[in-house]
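Contents: one structure, followed by commentary.
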Amino acid sequence: MIKFTLNGESVSFDGDPQMPLLWFVRDIQNMTGSKFGCGVGMCGACTMHLNGAPIRSCSTPVSVAQGATVTTIEGLASAPAKAVQEAWQKLDVVQCGYCQSGQIMSATALLEGNAKPTDADINMAMQGNICRCATYHRIRAAIHDAADRLAKEV
Ligand code: FES
Ligand code: FES
């Protein structure tokens, strides 16, 4: 039996331990904010946090979550997460939206570990998140905006 914490709630799974974590979250827990894109860890649409670090849940077996804390877009609640979401709205980052859950998860993880990222830091942290609508410039601006918001709160 695999047991872990998902968005603050205890969950368990008695099925195939190799099943992708994304399937468990979307199909069994019915949390559909995390998206399926490539299925092979190359696009970032499925990004979640495992003990605070961004992971590609499409290519992470559910067994890896044993005893861990998993957070999805539905469970984001930290101050950096709030700042990111406000900045995303202010700068109207989203186009089609499909990649954006993953973008926000990666951006939040970046700001949780680095309150004042440079463009190079942002490029490094976000390079695995593909946006077919090419919202990259707005994403970068929004991350800087979120960092500025957080600095004002301190
Ligand atoms: S769907 Fe997971 S990285 Fe593309
Ligand atoms: S907003 Fe359309 S893929 Fe990123």
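We did not get these values from a lab; they are worked out from the coordinates using the rules stated. The structure displayed is predicted, hence computed values, not measured ones. Neighbour counts are summed over all protein chains in view; Cβ atoms, including those assigned to glycine, are modelled from backbone coordinates with ideal geometry.
If the cut-off is a Cα-Cα distance under 25 Å, which lysines reach Lys152, setting aside same-chain residues fewer than 8 apart in sequence?
Lys82, Lys90, Lys116
Work out the FRET efficiency for Asp92 and Tyr136 from their Cβ-Cβ distance, taking R0 = 25 Å, and round it to the nearest 0.05. Let's see the in-between values first.
Numbers: r = 14 Å, r/R0 = 0.57.
After rounding, the FRET efficiency stands at 0.95.
Need one number: convex hull volume per residue for the range 79-153, Cα atoms only, in Å³.
Details: hull volume 5.4 nm³, N = 75.
With only Cα atoms used, the range 79-153 gives 72 Å³ per residue.
Roughly what would the spin-label model give for Asp148 and Ser12, points 7 Å off Cα along C-beta, in nm?
Going by the 7 Å Cα→Cβ label model, 5.0 nm.
If the viscosity is 0.692 mPa s and the temperature 37 °C, what Stokes-Einstein diffusion coefficient in µm²/s follows for the chain when Rh is the Kirkwood radius over Cα pairs?
Result for D is 211 µm²/s.
Sticking with the crude label model, points 7 Å out along Cα→Cβ, report the distance from Ser63 to Ala79 in nm, one decimal please.
For Ser63 paired with Ala79, the spin-label model returns 4.0 nm.
Net charge within 12 Å of Arg26 by Cβ-Cβ distance, Lys/Arg positive one each and Asp/Glu negative one each, not counting Arg26 itself? Please list the in-between numbers first.
Values: positive: Lys35; negative: Asp27, Glu74.
Result for the neighbourhood of Arg26: -1.
Give me the compactness ratio for the range 2-75, meaning the Cα radius of gyration over 2.2 N^0.38 Å. Walk me through the intermediate numbers first.
On the way: Rg = 10.7 Å, N = 74, 2.2 N^0.38 = 11.3 Å.
My calculation over the Cα atoms of the range 2-75 gives 0.95.
Hey, got a sec? Which trypsin sites (Lys or Arg not before Pro) in the range 28-98 land in a DSSP loop and have at most 13 other Cβ atoms within 10 Å?
Within the range 28-98, no trypsin sites (Lys or Arg not before Pro) qualify (loop, at most 13 other Cβ atoms within 10 Å).
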